[in-house]
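First up is the structure itself, then whatever we jot down about it.
The values are calculated or read from the model by the stated rules, or taken from the named source; none is laboratory data. None of the values given here were measured: they were computed from a predicted structure. Positions of Cβ are backbone-derived with ideal geometry, glycine not excepted, and every protein chain shown enters the neighbour counts.
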Amino acid sequence: MSITLLLDLDDTLLENNMDTFVPGYLSAFGRHVANEVDPQQFIDALLLGTRHMTVNRRPDCTLKDVFEEKFFAKLPVDAEHFHQIAAQFYETVFPSLRSLTRPRPHAVALVEEAFRRGYRVAIATNPLFPKTAILQRLEWANLPVEKYPFELVPGYESFHFAKPDPAYFTEMLAQMGWPEGQVVMVGDDFNLDIASANRVGLATFWLSGHSPQKLPGLDNLKAPAQSGQLEDILPWLDQWLQSDSKPNYLTPAAILAILRATPAALQSLSQTTPTSLWRLRPQSDEWCFTELLCHFRDVEQEVNLPRLHKVIEEDYPFLPGQDTDPWAEQRNYIQQDGAQALHLFMRTRMKLLDILESLKPDDWQRPFRHAIFGPTHLVEMVGIIASHDRLHLRQIKNVIREVALLS
């Protein structure tokens, strides 16, 4: 079975007590900018921007966008000039904070064994820092990305959601192309890492500092969960994976997180994929990136949103089937504007999310009849939308990879 490990960083792979690190970080950054702005005013603006990152729900705004909107509104500095000052800080001052941290015993052994076994490994740290700060902390943990091919390392430049929002985890999986098989989140913070990952159906391992056991709180989780220390993770996996279980993405909480993560991941992928590759097909009978974005747009506008309205507004309606694949050729998707298609999809998806998040729990069981599935309920229909998202994000990731090799 394919295995994906999502590994938290601070106090998981790296001993880094945030109660000590954050004050040290703020103090050092404040001193660095003292010639430009009052240090306390700077710290207040930085903390304000950070708080807004932790509650962002908009898939069309990266965490950096959210941070800077609040930060620069409170701080009277030129943005371009401040970016230069910040870059200098992360290059020359931030490395000195390494003294506040220590490599964690067993972390390197865990990562190396995971790669040896062929696991996909990603760093699931909270993306509230620029990526350079996260890459440096990985180096402090003796896990530099130059040596260890992590599938994904987040940063505030490319992520839209932060822990404990469950959409953080679905955005990570979406950017990875929705890995097949089992996914396990490993972290030290019960609320940020364990409970939130579990809400979207992921198995979890809580670094509690105790020997492996079922601790209070774990019994209430829906997906498989265990606690223990770093050296206990792989033995537990060896035993548990014999069950051949997979993540449960079919709860309303998981579905909503997937639907919110899809436009966010598409935006990030669009920003990292050269436009010269958007209209390249891996094979003549496969869709390109632009065609897939147009498919997302039209299905959302003409199928998903109208169906949702119909099920909510009518009693036991009938929904006909709709074959949308021929639209790619009929509507000449390959010649359309992919960026504009993404914008329209994102706008429509946000309307759909607004409706879904206003529903009462009983509304998810509203019945309807479908031409293919027969009598069913709203939760199944929305679950199909989420499965459609996952299918095509996996396809997009493969298309981008294949055309990059061809170009």
A careful count of residues in the range 56-80 that are part of a helix (DSSP H, G or I), surrounded by fewer than 21 Cβ atoms within 10 Å (Cβ to Cβ) and free of Cβ contacts under 8 Å to residues at least 40 places away in the same chain gives 9
Filter result for Leu234 (out of contact with any strand residue (DSSP E or B) (no Cβ under 7 Å at 6 or more places or on another chain), assigned by TED's automatic domain parsing to the domain that holds Thr204, surrounded by 15 or more Cβ atoms within 10 Å (Cβ to Cβ) and more than 27 Å from Ile334 (Cβ to Cβ)): yes
Restricting the range 287-326 to residues that are among the aromatic types (Phe, Trp, Tyr) and over 30 Å from the mean Cα position of the chain (by Cα), the residue that is farthest from Leu277 (Cα to Cα): Tyr316
How many residues does the range 102-129 contain that are in contact (Cβ under 8 Å) with a residue 60 or more places away in the chain, farther than 14 Å from Ile3 by Cα and assigned to a loop (DSSP other than H, G, I, E, B)? 8
Might you check whether a residue that is under 25 Å from the mean Cα position of the chain (by Cα), under 22 Å from Gly187 (Cβ atoms), assigned to a helix (DSSP H, G or I) and not assigned by TED's automatic domain parsing to the domain that holds Asp232 occurs anywhere in the range 36-50? yes
Asp8 - would you say it is under 19 Å from Ile134 (Cα atoms) and either in contact with a Leu (Cβ under 8 Å, 6 or more places away or on another chain) or in contact (Cβ under 8 Å) with a residue 12 or more places away in the chain (or both)? yes
How about the range 294-322: which of its residues are acidic (Asp, Glu), crowded, with 17+ Cβ neighbours inside 10 Å and either free of Cβ contacts under 8 Å to residues at least 40 places away in the same chain or not in a helix (DSSP H, G or I) (or both)? Asp298
Residues being surrounded by fewer than 18 Cβ atoms within 10 Å (Cβ to Cβ) and within 27 Å of the chain's Cα centre (by Cα): count how many of those fall in the range 103-129. 10
Evaluation of His370 against (1) over 17 Å from Asn304 (Cα atoms); (2) modelled with pLDDT under 95 (one fails), failing number: (1)
Return the total of residues in the range 130-146 being out of contact with any Pro (no Cβ under 9 Å at 6 or more places or on another chain), among the aliphatic types (A, V, I, L, M) and in a loop (DSSP other than H, G, I, E, B). 1
If you go through Asp244, Asp193, Asp285, the only one that is at pLDDT 95 or above and acidic (Asp, Glu) is Asp193
For Leu6, all conditions in the list (1) within 24 Å of the chain's Cα centre (by Cα); (2) aliphatic (A, V, I, L, M); (3) in a helix (DSSP H, G or I) hold save one; what is the number of the exception? (3)
Kindly provide the set of residues from the range 147-175 that are part of a loop (DSSP other than H, G, I, E, B) and among the hydroxyl-bearing types (Ser, Thr, Tyr), ordered by number. Tyr148, Tyr156, Ser158
Determine the pairs where a residue that is at negative phi and assigned by TED's automatic domain parsing to the domain that holds Leu277, located within the range 330-350, has a partner that is surrounded by fewer than 18 Cβ atoms within 10 Å (Cβ to Cβ) and in a loop (DSSP other than H, G, I, E, B) with Cβ atoms under 7 Å apart, the partner being 6 or more residues away or on another chain. Ile334/Arg279; Met346/Asp60
Are any residues in the range 352-371 within 20 Å of Ala257 (Cβ to Cβ) and surrounded by 13 or more Cβ atoms within 10 Å (Cβ to Cβ), and if so, which ones? Leu352, Leu353, Ile355, Leu356, Leu359, Asp363, Trp364
Considering only the range 362-371, how many residues are touching a residue at least 40 places away in the same chain (Cβ under 8 Å) and assigned to a helix (DSSP H, G or I)? 2
Check whether at least one residue in the range 372-385 is touching a strand residue (DSSP E or B) at 6+ places or on another chain (Cβ under 6 Å), buried (at least 16 other Cβ atoms within 10 Å of the Cβ) and touching a residue at least 24 places away in the same chain (Cβ under 8 Å), and report yes or no. no
Residues being crowded, with 22+ Cβ neighbours inside 10 Å and in contact with a Phe, Trp or Tyr (Cβ under 8 Å, 6 or more places away or on another chain): count how many of those fall in the range 152-162. 4
Which one is surrounded by the fewest Cβ atoms within 10 Å (Cβ to Cβ), of the residues in the range 271-293 that are part of a loop (DSSP other than H, G, I, E, B) and of a type in the set (S, T, N, Q)? Ser284
